[in-house]
Amino acid sequence: MSAAAASGAEGRTPFRAGFASFVGRPNVGKSTLTNALVGEKVAITSPKPQTTRHAIRGVVHTAGGQLVLVDTPGIHRPRTLLGERLNSLVTATLGDVDVIGFCVPADEKLGPGDRYINAQLDAFPRARKVAIVTKLDTTSRAAVGEQLVAVEALRDWEAIVPVSATSAIQLDTLLRVLVELLPESPPLYPQDAVTDETLETRIAELVREAALEGVTDELPHSLAVTIDDIVERDDRDLVEIYANLWVERDSQKGIVIGRGGARLRDLGARARAQIEPLVGRQVHLAVQVKVAKEWQRDAKQLGRLGF
């Protein structure tokens with residue numbers, strides 16, 4: 001190679017690609033932030049704790065890099081076998097990523113949960129750490145400033161970035177920071193990829209998201225969804241989807257179905273509205289509510305439900 005060619009090669013900005021994951025207490029906006037950066041809904045969202053139950057990968061493409069965001073369950077103190085498995089999933093994921101984004105909301109002071117999660121980050125020395133102050137649009141400037149100071153005192157961060165996922169404030173800054181911290185690497189996914197989740201998994205999650213709306217107490221934790229079949233009817237430009245919505249007790253089944261099946265019908269309508277843009281066709285969705293007693297604590301049933 002000539003000196004000029006070598007100089008030109010050295011002058012190019014290297015392409016970077018790798019994995020990042022957001023951590024934080026439940027409901028700090030991790031999944032919403034993932035979706036906003038990807039530009040498409042790859043992870044369901046809900047105000048209910050522990051909405052995310054799988055490691056969901058969303059791919060962000062930039063001119064100089066490819067960021068693979070791994071959305072994981074929130075770190076928490078588990079009360080069931082399911083909770084233990086979700087924590088193990090988070091630990092395994094964080095052990096492999098290049099960057100960890102620690103999310104704290106701008107509108108809530110740091111608490112024991114935040115400090116507990118921050119302490120857990122010491123177990124992942126390989127990953128570079130970024131602090132992300134979320135929900136910037138819901139908080140006064142003074143409160144945001146106080147939160148930035150409090151977060152800065154937790155550890156020596158690579159960067160601290162305040163953002164709003166819903167209002168798209170500083171998302172470009174956060175994306176640039178995350179990509180710059182990735183290793184030099186060729187792209188890890190094709191240019192048109194937004195996620196490696198299967199269609200079946202994405203549909204099941206959208207049904208569960210619809211089921212989470214309006215339910216209270218322990219019921220959100222007791223909901224799981226499996227897909228029996230997806231049938232494409234080319235003659236009718238229709239996709240038939242047959243889903244099972246699992247609960248842990250007969251009383252919960254009645255709550256999900258509602259009086260005269262009203263709640264289940266509403267659930268189906270909400271889920272179809274999300275699924276039809278995903279499949280690009282009209283959807284017939286049939287949801288059966290079934291009971292798997294205390295499945296969160298039963299290893300065999302957890303396996304059957306995909307955990």
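The values are calculated or read from the model by the stated rules, or taken from the named source; none is laboratory data. Remember, predicted model here, so these are calculated numbers, not experimental data. No Cβ is skipped: glycine too gets one built from the backbone with ideal geometry, and neighbour counts run over all protein chains shown.
Structure values in brief
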read-out: Test set (1) without any contact (Cβ under 8 Å) to a residue 60 or more places away in the chain; (2) surrounded by fewer than 17 Cβ atoms within 10 Å (Cβ to Cβ); (3) touching a strand residue (DSSP E or B) at 6+ places or on another chain (Cβ under 7 Å) - Val177 fails condition number; value: (2)
read-out: Residue tally, condition in a helix (DSSP H, G or I) and either touching a Cys at 6+ places or on another chain (Cβ under 6 Å) or surrounded by 15 or more Cβ atoms within 10 Å (Cβ to Cβ) (or both), over region 268-284; value: 8
read-out: Residue within region 240-250 that is part of a helix (DSSP H, G or I) and either surrounded by 14 or more Cβ atoms within 10 Å (Cβ to Cβ) or aromatic (Phe, Trp, Tyr) (or both) present; value: no
read-out: Given (1) in contact with a strand residue (DSSP E or B) (Cβ under 7 Å, 6 or more places away or on another chain); (2) in a helix (DSSP H, G or I); (3) within 23 Å of Ile56 (Cβ to Cβ), index of the condition Leu206 fails; value: (1)
read-out: Options Thr32, Thr45: the member that is at pLDDT below 95, assigned to a helix (DSSP H, G or I) and more than 19 Å from Asp192 (Cβ to Cβ); value: Thr32
read-out: Filter result for Gln301 (touching a residue at least 60 places away in the same chain (Cβ under 8 Å), in a helix (DSSP H, G or I), closer than 21 Å to Leu82 by Cβ and not β-branched (Val, Ile, Thr)); value: no
read-out: Residue in region 106-120 that is closer than 10 Å to Ser21 by Cβ, touching a Ser or Thr at 6+ places or on another chain (Cβ under 9 Å) and of a type in the set (A, V, I, L, M) present; value: no
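Rundown of residues vs (1) polar (S, T, N, Q); (2) surrounded by fewer than 18 Cβ atoms within 10 Å (Cβ to Cβ), yes/no style:
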{"site": "Gly65", "(1), (2)": "no, no"}
{"site": "Thr72", "(1), (2)": "yes, no"}
{"site": "Thr80", "(1), (2)": "yes, yes"}
{"site": "Glu84", "(1), (2)": "no, yes"}
{"site": "Asn87", "(1), (2)": "yes, no"}
{"site": "Asp96", "(1), (2)": "no, yes"}
{"site": "Gly101", "(1), (2)": "no, no"}
